[in-house]
Structure formats: C-alpha cells, structure tokens
Amino acid sequence: MSKYQNNEVTPVAPHSRTAELVLGIIGGIFGIIAGLLAMTIGGIGSALETSGSAGVSNLGVGCIIVSVLAIILSVMINRNHVLMGWLIILCGIS
C-alpha cells in the first residue's frame, strides 16, 4: 500500500534542526577557543616586541566576534533555516 490513499496527503511533522543547532554551537565554541589562542599568541608576541603581533591579536578578537555571531545564528536556525544557514556560512568564510 502506498502512503497516499484516496488522493489524500498525510501531514508531515516539521523537521527538527537539532543537528544544525549542535554543530553550529560546537563550531562557535571551537572558534572562540581559536580566537583566544590567537590573542594569547599575539600577546606573547607583543611582549617579545615582534612585528605583526598586533595583527594576530586583532584577528583573534575578530574570530571571537564572528564565532559568537555564529552561535547566535545557529540558535535561531529553526525560525528561517535557509537564511540562517547562509549567514552561518558567511560567518565561516570571514
């Protein structure tokens, strides 16, 4: 028997985006850890007065900001999954 009987369509439950939520949060946490590591390396570099260490620290701050934004967007993934998915991809690229 098919699931379509008498030309009636059975209602389908909305999909849960649990995997996207969990992977977005995990990726954001790893991004924050990487940003903190970059800030630490930049701080050590500036303490040793090496060139370019301020750039590494600034990249760490940017990484943390984008990672927090990615976590916020992944929490809101159930509202509009296509838009939030594209915004999360943009956070990953930047």
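The values are calculated or read from the model by the stated rules, or taken from the named source; none is laboratory data. Please read all numbers here as calculations on a predicted model, not as lab measurements. Positions of Cβ are generated from backbone atoms using ideal geometry, with glycine treated the same way; all protein chains shown enter the neighbour counts. Only protein heavy atoms, including side chains, enter the accessible area calculation; ligands, DNA and RNA are left aside. Shrake-Rupley method; radii C 1.70, N 1.55, O 1.52, S 1.80 Å.
In the set V61, V82, V68, which member is open to solvent by less than 90 Å² (accessible area, probe 1.4 Å), touching a residue at least 40 places away in the same chain (Cβ under 8 Å), of a type outside the set (G, A, S) and within 29 Å of V22 (Cα to Cα)?
Being open to solvent by less than 90 Å² (accessible area, probe 1.4 Å), touching a residue at least 40 places away in the same chain (Cβ under 8 Å), of a type outside the set (G, A, S) and within 29 Å of V22 (Cα to Cα) holds for just one of V61, V82, V68, which is V68.
Provide a single number: the residues in region 48-58 that are assigned to a helix (DSSP H, G or I), open to solvent by 50 Å² or more (accessible area, probe 1.4 Å) and not β-branched (V, I, T).
The total comes to 2.
Among what's in region 1-22 and is under 13 Å from the mean Cα position of the chain (by Cα) and surrounded by fewer than 13 Cβ atoms within 10 Å (Cβ to Cβ), pick the residue that is modelled with the highest pLDDT.
Residue satisfying both the conditions and the ranking: V22.
Criterion first (at pLDDT below 90 and surrounded by 15 or more Cβ atoms within 10 Å (Cβ to Cβ)) does G45 satisfy it?
yes
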